[in-house]
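Below is one structure, written out as structure tokens; comments come after it.
The values are calculated or read from the model by the stated rules, or taken from the named source; none is laboratory data. Keep in mind that what you see is a predicted model, and the values were worked out from it rather than measured. Counting neighbours? That spans all protein chains shown, and the Cβs are built from the backbone with ideal geometry, glycine included.
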């Protein structure tokens, strides 16, 4: 009986250890140093949260930060701030980030 339980644990352990996300919690790889952080291969997402028109020009709120044309945020450069979207340059390509996805020209 004990042999069966030990065998079941030995077989199940690699499957359990292979999971990195269990019940919404990230399981750290025990072979990595404590403060190790793998570089992210994804480009960071930009969230446009607001556009403000002032006498001095337009400002946008991106990822909780107030930015102007020429500012950098999350690895992207703000190229233009329009009424309903901003234009950003990220990794050599320009992209429109809309204030609300349903709002178009």
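What to note about this one:
- Only residues that are surrounded by 11 or more Cβ atoms within 10 Å (Cβ to Cβ) and closer than 9 Å to residue 81 by Cβ were counted across the stretch 53-67, and they come to 4.
- Residue check for residue 38: part of a strand (DSSP E or B) and either modelled with pLDDT of 70 or more or under 23 Å from the mean Cα position of the chain (by Cα) (or both): no
- Positions within the stretch 80-94 being surrounded by 15 or more Cβ atoms within 10 Å (Cβ to Cβ) and farther than 16 Å from residue 45 by Cα, in sequence order: 81
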